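Just passing along the structure, written as structure tokens.
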Amino acid sequence: MRFLKLLSLILTVALVTCLFSGCGSAKKDFKNAAEEFFVEFSAQKATAQNTQVLEFNKKAPYAINYLNIGNESVDKAVADYIDLKKTEFLTKAELEENKGNSLFVDFACYRAAENLIGVVVKTEQKTKDGALLSTDYKTFNFNLNSGKEITTELLSTKLRNKMSRHLNKYSEDKLGGEMIFDLNSKEISTAVLSENGLLVHINNFKNKVNIPYQDVARQISSDLRENLSITTINGQVIRDVDPTKPMVALTFDDGPSAKYTDKILDILEDYDSVATFFEVAANLKYAPDALRRAEQIGCEIGSHTTTHANLSKLDADGIRAELSKTNAEFERVLGHKPTLLRPPYGACNATVKQTCDQYLIGWSVDTLDWQSRNADKIINIVKSEKSLNGDVILMHSLYESTVQATEKLVPWLISEGYQLVTVSELIEYGYESDLTLGKYYSYNFFTGIE
Ligand code: NI
């Protein structure tokens with residue numbers, strides 16, 4: 001009897017110890033696995049706290065970091081998603097479909113602005129032995145003021161196209177052109193707002209590509225731009241352009257003129273319209289205020305060299321010398337150098353293309369205003385075009401007749417259904433094209449005749 005009692009005691013102790021240590025080591029393994037899983041996003045929590053829930057049981061252990069940014073509806077939206085994942089997982093465990101599998105959930109949080117955050121939630125399931133069963137991701141973008149998700153706001157077609165172009169360039173530069181992107185809305189939804197730009201997750205979340213906000217400033221919504229405090233691109237005020245509406249760019253060369261530039265700006269301002277001015281740097285000193293005013297009302301300032309130089313007659317060094325002098329003067333007066341350059345006389349050759357680090361812009365409708373000095377003739381040339389959609393109209397800031405023609409042309413163009421845009425806007429919205437160095441945007445480009 002005694003012997004049996006002793007034996008049973010020994011057995012019991014042994015069993016309990018075995019169970020306990022077995023349990024203990026499984027629990028320890030699980031804790032280690034969780035710790036390991038949490039490393040990836042540990043440094044990327046922005047200002048969010050994480051609320052950790054570790055639930056160890058043999059059937060369905062899980063370890064979750066919940067977002068806790070202190071905004072009730074935002075924290076809840078993410079928690080709701082996570083809890084859905086958890087419930088699915090636990091339901092399967094109940095049905096004995098995932099015996100002893102474990103669930104891990106963590107998040108990365110990016111703060112794009114005071115009231116804008118991007119969140120990436122990663123969910124992983126592993127077997128009892130630590131083998132990976134599944135990984136999936138979900139992204140969120142929130143406005144903390146409204147407590148609302150704003151991912152849909154990001155899903156515009158124009159942003160999608162722009163991001164595709166950006167990613168294709170990334171692919172060409174970094175991946176040897178291996179991947180070709182034509183983002184659909186599911187793919188674009190892998191983008192989160194981050195500190196420096198839109199962070200796009202590609203290749204099934206294996207790679208992250210940051211698209212700086214300046215590069216997509218025209219494609220994101222005006223609300224978002226405001227929240228991100230983006231108001232200009234290269235000094236040019238960002239305006240709302242309707243990409244579906246016909247558009248035309250008026251351009252005025254050879255100024256600024258102390259006499260006429262302000263008059264042209266008055267007309268543009270009256271009709272809430274803009275134009276592009278290709279200015280000769282040597283003239284900037286005659287009307288620096290008009291130049292700055294032009295930019296303030298959303299017009300674009302391009303370079304037209306310092307002395308109206310024929311760049312095609314210069315060698316590379318000569319071109320560089322002319323342009324560095326030119327840009328210095330623009331920087332002095334405007335605070336930045338122009339991104340566009342119209343070569344005087346439209347004279348552009350291979351050396352000019354290779355040497356200039358500004359976008360080379362020509363025109364498609366020549367009004368010959370300098371020759372005729374006659375408002376009616378200028379107007380007739382413009383009106384005789386079949387369609388002006390996508391056209392760049394060439395005029396000069398130096399003549400009274402040009403001002404008179406502008407006074408009639410601006411309201412006429414608007415009544416014909418055109419919106420007046422800058423050259424950069426025209427290329428970006430009208431042609432859905434990114435400005436490219438080394439290319440001359442001339443008659444052929446704007447008329448589609450190559
Ligand atoms: Ni000129």
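We did not get these values from a lab; they are worked out from the coordinates using the rules stated. The structure displayed is predicted, hence computed values, not measured ones. With ideal geometry, Cβ positions are generated from the backbone for all residues, glycine too; neighbour counts draw on all protein chains shown.
Report, to the nearest 10°, how far helix 400-415 tilts away from the longest principal axis of the Cα atoms in the chain, using its own Cα long axis and a range of 0 to 90°.
It is inclined by approximately 40 degrees.
Measure nothing but the geometry: give the 0 to 90° angle between the long axis through the Cα atoms of 316-334 and the longest principal axis through the Cα atoms of the chain, rounded to 10°.
The angle comes out near 80 degrees.
Return the subset of K259/K439; K85/K208; K162/K206; K126/K162 for which the Cα-Cα distance in this structure is over 30 Å, preserving the input order.
Flagged as over cut-off: K259/K439; K126/K162.
Which of the aspartates and glutamates could a cross-linker bridge to K325, judged by Cα under 17 Å and excluding same-chain residues fewer than eight apart?
By straight Cα distance, K325 reaches D254, E279, D315, D317, D357.
Between the alpha-carbon centers of segment 23-55 and segment 233-305, tell me the distance in whole angstrom.
After rounding, the separation between the Cα centres reads 57 Å.
Run through segment 285-389 and list the GluC sites (Glu not before Pro) located in a DSSP loop whose Cβ has at most 14 other Cβ atoms within 10 Å.
E385
Moving on. Taking segment 85-149, which GluC sites (Glu not before Pro) meet the DSSP loop condition and have no more than 16 other C-beta atoms within 10 Å?
Qualifying residues, ordered by number: E96, E97, E114.
How would you rank H304, H201, H336, going from fewest to most other Cβ atoms within 10 Å of each one's own Cβ?
Sorted ascending by nearby Cβ count, the order is H336, H201, H304.
Taking the Cβ of each residue in I69, I264, I381 as the centre, tally the other Cβ atoms inside 10 Å and list the residues starting with the fewest.
Ordered from fewest to most neighbouring Cβ atoms within 10 Å, I69, I264, I381 come out as I381, I69, I264.
Spelling out what I want: for every residue of segment 249-261, take phi, set θ = phi - 60°, compute 6.51 cos²θ - 1.76 cosθ + 1.60 (Karplus), and round to whole Hz; glycine and proline get x.
10, 8, 10, 10, 9, 6, x, x, 10, 4, 8, 10, 4
Now, a different point. What is the dipole size for segment 238-447, taken about its Cα centre, with +1 at each Lys and Arg Cβ and -1 at each Asp and Glu Cβ, in debye to the nearest 20?
It works out to roughly 520 debye.
Can you tell me the convex hull volume per residue for the chain, based on C-alpha atoms, in Å³ to the nearest whole number?
Given the Cα convex hull of the chain, per-residue volume reads 186 Å³.
Under 10 Å, Cα contacts only: if you run a Gaussian network model on the chain, which one of M179, M247, M395 comes out with the highest mean-square fluctuation?
Of M179, M247, M395, the Gaussian network model singles out M179 as fluctuating most.
Sort K158, K245 so the one with the fewest other Cβ atoms within 10 Å of its own Cβ comes first.
Least crowded to most crowded, the residues run K245, K158.
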